[in-house]
Structures are given as C-alpha cells and as structure tokens.
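A.B. asks: Got a structure for you, written out below as structure tokens; questions coming shortly.
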Amino acid sequence: MALFHYIPDVTTLELNQELCIGCGICLVVCPHDVFVLKDKKALIANKDNCMECNACAVNCPPRAISVESGEGCVRSIINELLGRECDCC
Amino acid sequence: METLLSFIVAIANESWQLLKESSIYIIFGLLVGGLLKVFLSPTYVAKHLGKGRFMSVFKAALFGIPIPLCSCGVLPAAASLKKQGANNGATTAFLISTPESGVDSISITWALLDPIMTVARPLSAFITAFVAGISENLIHRPKPPGLIMADTGISDDTCCEDKERPSTLRKITTGMNYAAKEIWGDLAGWFFFGILLAGIISALVPDDMIAHWLGGGISSMLIMLLFGIPLYICATASTPIAAAFILKGVSPGTALVFLLVGPATNITSLSVLIGLLGKRATVLYLLSISIVSVICGLLVDLIYNSLEISAQASVGQAGEIMPEIAELGATFLLIALSIPHLVQWAKKCFRPTDSAGCECSSGSCSTETDKAPPPSTSCSYPDITAPVATLFPMAQSAPAEPGEIIIPAVKQSFTSGSMKTVIGSIPVVTSDLTARDRRGSFLARWNIGRMHFIVEPGLYALGNPDTESPVLVTANYKMSFDVLRSSLPGKNLWLLVLDTKGINVWCAAGKGTFGTEELYDRIRSSGLEKIVSHRRIIVPQLGAPGVDGLAIQKHTGFHVVWGPVSASDIPYFLDNKYQLTAEMRRKLFPFSERLALVPVELVQASRNILPFVLLFFLLSGLGGELSFRQAALEFGPFATLALACSVAAGTIIVPLLLPWIPGRALSTKGFWAGIITAYGLFFFSGRLTPSTGAKWTEMTAWLLIITAVSSWFGMNFTGATTYTSRSGTRKEMFRAIPLQCAAVVIGFSCWLFARFYF
Ligand code: SF4
Ligand code: SF4
C-alpha cells in the first residue's frame with residue numbers, strides 16, 4: 001500500500017547538508033520516506049511526502065534539519081488565526 | 001403561529017418568575033458554599049471522620065449536607081476520602097448526602113418551595129445517607145484501614161501558590177472567587193436549563209394529567225423513582241422543576257422523591273460507582289436511596305395532610321417577603337455572573353471533540369482540566385483512579401519528589417496480578433483483552449467515556465519479565481496500551497507507560513506530552529534503573545516528533561531504539577535484533593484505520609449541524625398559508641435529510657473512499673463526495689427533474705449547500721489524517737473557505753427565495 005500524497009510544493013522542510021554527519025537517524029524516524037542516504041549524506045528525496053511532523057529535526061544530532069512543524073488541522077489553524085488560547089489541538 | 005407565540009411568551013414568563021424568586025437565595029447559597037470550600041476542606045473532613053462503624057458514617061453524612069457539589073463533582077471527592085482511609089460506609093454516606101443537598105439548594109428550596117420542604121430535604125438526605133452507609137458497614141464489615149495513601153497534597157488554595165497558611169481575609173476572597181467561578185460554573189448551565197424546563201412544564205402540561213398520575217401515594221413515588229434514577233440533574237436545578245411539579249398538582253412527597261433521587265444518581269455516575277465501591281455496594285446504594293426516599297416522601301405527604309396545608313398554596317411564598325427591587329438586583333447580578341459560564345457552555349457544545357486519529361481534539365482540551373476545569377455541564381469526571389485523587393476540581397496533584405519511586409496501582413480494571421521486585425510489587429498485565437477492555441475501546445471510539453479511559457502511568461510487567469527483558473514505552477491512553485499488549489502474546493517484557501493525559505502516542509508526540517521531559521521523568525520515577533540491568537528502551541517511532549533520543553541517552557543513560565510504527569510489527573522487531581523493513585517504518589493510513597475514525601467524526605459533525613437543522617425547521621414553518629406545524633412538516637424533513645447527507649458525505653464517504661476520490665486537497669474530495677451524494681439524494685427522492693421554478697431554485701440551493709458543507713467536513717478530516725502537513729492545510733483552507741462560504745450564502749438565499757417568494 002502506498003502513502004497518500006497531499007498538496008505539493010508547500011513543505012517548510014530544509015536540510016543543511018554541510019552539517020549532516022550521515023548518521024541516518026532521520027531515515028529511521030521519518031514516517032513518510034522523505035530521506036535517503038547517499039555518499040554518507042542525507043538527501044531529501046521525496047519532499048512532497050513530508051507532513052511536517054518534526055521527528056527528523058528533533059532527532060538530528062547536528063541539527064541539520066529544520067521544519068516549521070505544526071498540526072495539519074483546520075481547527076487548530078482557525079483557532080490560531082482567531083488568536084484563541086484553548087487551541088483544541 | 002399565534003399559539004406558538006403565546007406558548008413561548010407563557011414559558012418565558014413562568015421562567016422569569018422562577019428566576020426572579022430564586023436569584024437572591026442562590027447568591028446567598030453560593031456565598032456560603034464558597035466559604036465552606038475554604039474553611040471545610042475535604043482533608044479536614046477526612047481527618048475528622050474517625051474510624052468507627054457508626055460514627056464515621058454519621059459524620060460523613062452530616063458533612064455532606066452543606067457541601068455544594070453535584071453528583072459528578074462528588075465522585076473525585078469521595079474517591080479521595082476513600083484513599084485517605086474512610087470505610088465504604090462513610091464513603092457511601094458522603095456520596096449520597098453531598099449531591100442531594102447543599103447550602104445553595106437549601107436556600108433555593110426556601111425561595112421556591114416552602115419551609116417544610118426546606119427542612120425535609122436536607123433531613124431526608126441525611127437519613128438516606130446514614131441508612132445507606134450503615135447498612136453497607138453492617139453487611140460488609142469494614143476492614144481496618146490498611147495502608148493509608150501518602151498525603152494527597154490537597155491544599156486549601158486553588159492554586160499552588162505560597163506554602164504559608166493563607167490569612168483569613170485571603171481565604172474569604174479565595175472562597176468568593178471559588179463560588180462565582182467554580183460552583184456557579186458547574187451549576188449555571190443546569191440551573192437555567194432547569195428554570196426553562198420548569199417554565200415549559202408550567203405552561204404546557206395540562207394540570208389534571210399530572211395530578212392524576214402523581215397526586216400522591218406509593219405508586220406516584222415509584223413512578224417518580226423510575227424517572228429520577230437515570231436522570232442527571234443537580235440539586236439546584238431540580239428545585240424549580242419540583243416547584244412546577246407541585247403547582248401542577250404533584251404531591252409534595254412525590255416531589256421530594258424527585259428532589260432526592262434526581263441529583264443523587266444518574267446512569268453515568270452509577271457506572272463509576274461500580275468501579276469505586278464494587279457491584280454489591282452499588283446495588284445496596286441504589287436500594288437504600290430508593291427505599292428511604294419513598295418512605296420520606298410518604299411521611300412528608302402525611303405531614304402536609306395532617307397539618308392540612310396545601311403545598312400548592314405555599315409554593316413561592318418566600319418571594320413575597322422580599323422587596324421587588326432586591327429581587328431584581330439579585331437577578332441581574334446572577335445573570336451577570338452567569339454570562340461567562342453560559343458562553344463557555346455554548347462554546348463547549350460547538351467544540352470539536354477528540355478524534356481517535358489525532359490532532360484537533362477536545363481530548364486535549366479536557367486535559368486542561370488540571371489547569372482550569374470547564375464548567376462541567378456534562379460531567380467530565382476527573383480521573384478517579386489516579387493515584388492522587390483531588391477533592392475539589394482545582395486542587396492540584398503533587399509532582400513526584402526527585403528520587404521518589406511511583407508504582408502504579410496493582411489493582412486496576414485490566415491488571416491480572418502483581419510481581420515482587422526490588423522496588424516493590426509491580427502490576428502485571430497479560431496480552432489477553434477482556435470483554436470489558438473491548439467494550440471500553442468501542443465506547444471510546446464513539447466518544448463516550450473517553451477521558452476516563454486511562455492507564456496509570458508507570459512501569460508494568462507483561463508476562464514474567466526479568467532484568468534482561470526489553471522495555472517498551474507507550475502512552476497512557478488505554479486503547480494504545482491495549483493494542484500494544486494484545487499484539488505481544490507469549491512475550492515477557494516491561495511496559496513503561498508515560499502520562500500523555502489519555503492521548504495516543506502519535507497525537508501526544510505532536511502536542512509534546514509524549515515528550516523528552518516526560519520520558520526523562522518517568523524513567524526516573526518508575527524505578528526502571530533498578531529493575532533492568534541493560535540500558536535500552538524501545539520507543540515507538542511515532543513518538544519521535546516529541547522525543548529527543550540523544551538527550552534521553554545523555555541524561556538517563558538509556559539508549560533509545562526506535563520501534564516500529566505499528567504494534568503488530570513488534571514481535572518481528574524483537575525477534576530480528578531490532579531490525580525493521582522500510583515498510584514497517586512507514587505510517588500508512590489504511591482503510592481499517594480510516595473506518596475507525598468515522599464514528600468520532602460523524603458524532604462531532606452531527607452535533608455541529610444540529611442547530612442548523614432546527615433553524616431550517618423553524619424557517620420552514622414560517623410564512624405561507626399553511627399553519628406552522630404543517631409548513632414545518634412540509635419543508636423541514638427534506639432539509640434535515642439534505643443536511644444529514646452532506647454530513648455523511650464529508651465524514652463517511654471522504655474517509656472511506658479517500659484514495660479513490662479525485663483531488664489532493666481534502667476540501668476537493670469533500671466537494672466531489674457532496675456532488676455524488678446530492679445526486680443520489682435528488683435521484684431517490686424523485687427531485688432530479690423538478691417541475692416548477694420554485695422546486696428548481698430549491699434544488700439548486702441544496703446542491704450548493706450540500707457540496708459546501710461536505711467540502712467543509714471533508715477538509716476537517718485533516719485533523720485526523722496521518723499525512724496532512726500544516727503548510728498544506730493552510731494553503732487549502734485559504735482557497736476553499738471563501739468558496740464554501742460563498743456557496744452557502746448563495747444556496748441559503750436561493751432556499752429562502754424558493755420558500756418565501758414563489
Ligand atoms: S539525522 Fe541529521 S545528521 Fe543524521 S543523516 Fe539525517 S540529516 Fe544527517
Ligand atoms: S518532518 Fe516528519 S515527515 Fe517531514 S521529513 Fe521530517 S520526519 Fe519526515
């Protein structure tokens with residue numbers, strides 16, 4: 001079974017290859033097959049698969065990955081836009 | 001039309017009278033209640049209960065009388081009493097006398113009923129409580145209190161402020177605050193509901209009907225019992241209803257039965273009681289309440305008869321000694337106090353609920369109970385199984401001292417025994433789920449009882465593990481815990497349960513409750529270091545967004561190994577030296593998972609759409625030559641059907657047919673689902689080719705509304721999916737919402753046009 005594809009060209013995921021030490025942790029924690037390892041460096045192979053969950057950024061030892069994480073959820077975004085505190089998300 | 005209006009006016013009038021008469025007394029009751037809260041803390045009560053079989057029951061029943069807590073609020077209080085060593089009888093007595101009467105309800109009884117009832121009510125509550133408690137203790141001799149739980153850390157203050165003893169003045173302000181915010185917050189919604197219901201009874205129910213059935217005698221009381229036991233209503237709100245009953249000719253004794261039984265029991269609290277006291281004690285509890293209430297009711301009728309007083313005549317007499325101006329002032333004050341609570345209440349009705357999948361969830365909102373409890377108009381039970389039960393909702397649980405080891409209770413509904421270890425007895429679970437586990441999961445999926453579907457955090461043994469056995473980390477959402485253990489038959493492992501406030505791993509990781517800090521604390525406080533000789537923990541990969549594996553290793557010495565996404569792959573993972581295939585690292589979103597999400601989405605969407613159904617009914621009835629009823633029945637049902645179809649399209653068709661509906665954006669998928677459903681609806685209701693211009697306009701209206709609503713609910717499913725990113729959702733929203741709004745506005749205008757101008 002395949003992964004679902006959501007709206008393309010929007011992810012905020014970024015990888016700084018200079019910092020990457022090729023440990024491969026991002027490949028392990030990413031639930032959506034975003035990375036591959038090539039020549040001891042991580043590469044973003046399937047950028048549109050990213051769901052901005054933050055797992056890779058939190059666990060990358062040299063912090064080579066950055067992503068603006070958040071819940072992809074209509075209600076939370078509406079609450080945020082309205083500046084409501086009890087963000088049900 | 002005419003009659004409808006006059007009904008509404010009559011109801012409003014009756015309700016307003018009741019409100020005016022009771023306001024001043026309610027405020028008085030709240031003030032005293034607030035003071036009681038600070039000066040008569042439950043810890044104090046527990047300390048003074050004593051150990052005797054009779055004395056403790058007597059005192060518990062007595063203490064319960066003035067405390068203004070409803071039958072939900074009293075549960076955590078009683079649980080805490082029990083933890084502090086009170087015997088079953090005393091706990092039972094407290095559980096009965098507290099909700100049946102309180103200073104607030106006593107004073108409102110004085111306002112709306114008469115002096116006899118004002119005395120009879122707390123007195124009967126006391127007797128009921130005492131009898132139930134004593135019979136409990138006589139039948140099951142209380143064991144000498146064994147281990148008394150460590151100090152529960154309940155403080156008089158609502159917040160964890162300064163540790164010094166607060167001054168009396170401070171206490172009073174705290175009490176007042178508590179009265180206005182907490183007590184009234186719990187009661188406001190129900191109180192207005194009660195007033196309204198009483199108004200409806202007074203205005204609509206024909207007099208002779210009630211008097212015939214409930215005019216007195218034992219049969220009236222029995223009917224009232226049947227009505228009152230499952231009903232949930234608090235003591236304060238039940239009073240205006242009782243007043244309306246009496247005015248309609250119900251005998252005062254029968255009304256008393258309602259006043260006693262209504263608040264003391266309801267279906268949900270009974271199920272919690274079974275957990276707290278056991279089945280036999282719960283049956284005994286019900287029996288004593290029923291029998292004593294009926295006897296009290298008969299006695300009260302006897303008193304009225306022998307004194308030859310008519311209860312009907314004396315109802316509401318107290319109001320007349322109050323000057324009108326004071327009554328009005330109090331009423332406005334009360335309304336002012338209520339506005340924030342009512343707004344909260346209304347908000348709560350429209351609030352998104354927890355979806356099993358994730359994210360947008362009131363699950364997390366409800367977990368904010370530990371910060372500020374929402375006005376619990378529908379009871380949200382605090383978790384009574386938690387090691388630290390709190391009496392008043394605001395009291396906070398004490399965090400673990402550094403170095404202190406916390407072991408979860410060995411006896412929980414799902415544990416099967418205990419295991420001796422170096423740090424004490426650890427609860428043991430098996431991989432077999434019982435019928436009870438399954439029923440809980442089923443209910444939770446439908447959003448019932450979700451918040452007390454919780455496992456105490458800490459260390460558990462699965463099977464018969466030893467110092468070399470692997471350690472699996474999971475969330476304390478009972479369903480996550482059950483899925484995990486049931487996929488590990490024949491394994492011997494340690495399960496480390498984190499406190500994620502009853503939310504599953506994936507969602508909790510997103511929110512940060514399944515996070516580095518909690519994992520760190522739990523490793524320390526569970527005593528894991530002493531239990532296992534290795535230094536390795538298996539954390540589900542889906543927890544990675546919240547857990548910094550390196551930080552854990554650095555600070556605890558435990559190496560984090562990322563386990564598979566799905567629990568069913570864990571046996572493979574364990575047997576293959578912690579290796580996994582790439583497939584097992586993927587978070588897929590299969591049909592079964594989407595199917596499981598449907599109920600929650602459906603229930604929530606239906607709740608959101610309900611007010612609109614009513615609106616359409618109302619609008620259907622107005623105008624035209626037909627009477628209100630006829631016209632409402634002419635247009636209302638189709639409107640309901642159409643809205644139901646749009647909800648079904650967005651919350652059933654979209655999730656189930658997700659991969660096959662065209663479009664990437666969920667709003668697009670919702671749109672297509674809406675088109676198909678609208679087509680089906682028109683086809684099967686024979687409206688595909690409308691005959692008149694009016695019908696054409698109406699069908700166009702519904703096509704627009706159905707697709708817009710379906711698109712909206714489809715888009716809402718982003719909160720439950722496992723693959724939508726925030727940036728993507730944002731982009732889709734900004735495109736879809738304007739279109740959806742436009743479609744609804746145009747559609748609604750068309751509908752109005754068709755309804756009123758053709
Ligand atoms: S986790 Fe960071 S350092 Fe390791 S391979 Fe990925 S990007 Fe490179
Ligand atoms: S944010 Fe999540 S989905 Fe995106 S690349 Fe990182 S781990 Fe993968």
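The values are calculated or read from the model by the stated rules, or taken from the named source; none is laboratory data. Keep in mind that what you see is a predicted model, and the values were worked out from it rather than measured. Backbone-built Cβ (ideal geometry, glycine too); neighbour counts: all protein chains shown. For the accessible areas, the whole protein counts, side chains as well, though only heavy atoms, and no ligand, DNA or RNA atoms are used. Shrake-Rupley method; radii C 1.70, N 1.55, O 1.52, S 1.80 Å.
A.B. asks: Of A:ILE25, A:ILE77, which has the most accessible area with a 1.4 Å probe, and how do the rest follow in descending order?
C.D. replies: Per-residue accessible area, sorted high to low, gives A:ILE25, A:ILE77.
A.B. asks: Quick one: which of B:LYS478/B:LYS501; B:LYS669/B:LYS731; B:LYS420/B:LYS577; B:LYS491/B:LYS577; B:LYS181/B:LYS511; A:LYS47/B:LYS731 span more than 19 angstrom between C-alpha atoms?
C.D. replies: B:LYS420/B:LYS577; B:LYS181/B:LYS511
A.B. asks: For region B:591-757, what relative contact order do you get, as a whole percent, if you take Cα pairs closer than 8 Å and at least 6 residues apart?
C.D. replies: Reported as a whole number, the value is 23 percent.
A.B. asks: With no solvent and one point per C-alpha, what does the Debye sum give as log10 I(q)/I(0) for region B:457-556 at q = 0.16, 0.21 Å⁻¹?
C.D. replies: Values returned for q = 0.16, 0.21 Å⁻¹ are -0.61, -1.07.
A.B. asks: Rg and Dmax in Å for region A:14-81, alpha carbons only: what are they?
C.D. replies: Rg and Dmax of region A:14-81, Cα atoms, are 13.1, 44 Å.
A.B. asks: How big, in percent, is the set of alpha carbon pairs in region B:591-757 lying more than 26 Å apart?
C.D. replies: The share of Cα pairs beyond 26 Å in region B:591-757 comes to 29 percent.
A.B. asks: List the extent of the Cα atoms of region B:513-564 along each of their three principal axes, largest first, rounded to whole Å.
C.D. replies: Taking max minus min along each principal axis of the Cα atoms, region B:513-564 gives 28, 20, 17 Å.
A.B. asks: Rounded to whole Å, give me the distance from the Cα center of region B:661-718 to that of region B:234-268.
C.D. replies: 47 Å
A.B. asks: Quote the charge dipole size of region B:588-723 about the Cα centre in Debye, to the nearest 20; the model charges only the Cβ of Lys and Arg (+1) and of Asp and Glu (-1).
C.D. replies: So the magnitude is around 180 debye.
A.B. asks: Semi-axes of the equivalent ellipsoid for region B:531-677, please: Cα gyration tensor eigenvalues, times 5, square-rooted, ordered largest first, whole Å.
C.D. replies: 52, 17, 12
A.B. asks: Can you give me the long-range amide H partners of B:LEU113? Hydrogens built in the peptide plane at 1.01 Å from N, cutoff under 5 Å, separation of 5 or more residues or another chain.
C.D. replies: Those qualifying (amide H under 5 Å, at least 5 residues apart or on another chain) are B:GLY316.
A.B. asks: Moving to a separate point now. Provide, for q = 0.18 Å⁻¹, the log10 of I(q)/I(0) from a solvent-free Debye sum over equal Cα point scatterers in region B:668-758.
C.D. replies: -0.80
A.B. asks: Using θ = phi - 60° and the Karplus relation 6.51 cos²θ - 1.76 cosθ + 1.60, list the HN-Hα couplings for region B:290-302 in order, rounded to whole Hz, with x at every Gly or Pro.
C.D. replies: 4, 4, 5, 4, 5, 4, 4, x, 4, 4, 4, 4, 4
A.B. asks: Counting partner chain Cβ atoms within 10 Å of every residue's Cβ in B:685-693, what's the average?
C.D. replies: Whole-number average of other-chain Cβ neighbours for B:685-693 is 0.
A.B. asks: Given H placed on each backbone N at 1.01 Å, which residues far from B:SER418 in sequence or on other chains put an amide H within less than 5 Å of it?
C.D. replies: Answer set, sorted by chain and number: B:VAL428.
A.B. asks: Then there is this: Average projected area of the Cα convex hull of region B:692-742, in nm²?
C.D. replies: 3.8 nm²
A.B. asks: Now for a different question. Going by Cα centres, region B:555-582 and region A:1-76 are how many Å apart?
C.D. replies: Answer, in whole Å: 20.
A.B. asks: Follow-up. Starting from the amide H of B:ALA475, placed 1.01 Å from N in the peptide plane, find each other amide H under 5 Å away whose residue is 5 or more places distant or on another chain.
C.D. replies: The list, which skips near neighbours in sequence, is B:LEU498, B:VAL505.
A.B. asks: Another question, then. Tell me: how much accessible area in total is hidden between A and B, 1.4 Å probe, Å², nearest 100?
C.D. replies: Approximately 4400 Å² gets buried when A meets B.
A.B. asks: Suppose a student asked you for the relative contact order of region A:14-81, using Cα pairs under 8 Å spaced at least 6 residues apart; what percent would you report?
C.D. replies: 33 percent
A.B. asks: Could you give each residue of region B:119-136 its phi-based ³J(HN,Hα) in whole Hz, using Karplus coefficients 6.51, -1.76, 1.60 with θ = phi - 60°, and x for Gly or Pro?
C.D. replies: Going residue by residue, I get 7, 4, 5, x, 5, 4, 4, 4, 4, 4, 4, 5, 4, 4, x, 5, 5, 4 Hz, with x marking Gly and Pro.
A.B. asks: Moving on to the next point. If you take each beta carbon of peptide A:18-26 and count the beta carbons of other chains within 10 angstrom, what is the mean?
C.D. replies: Mean inter-chain Cβ contacts per residue within 10 Å come to 1.
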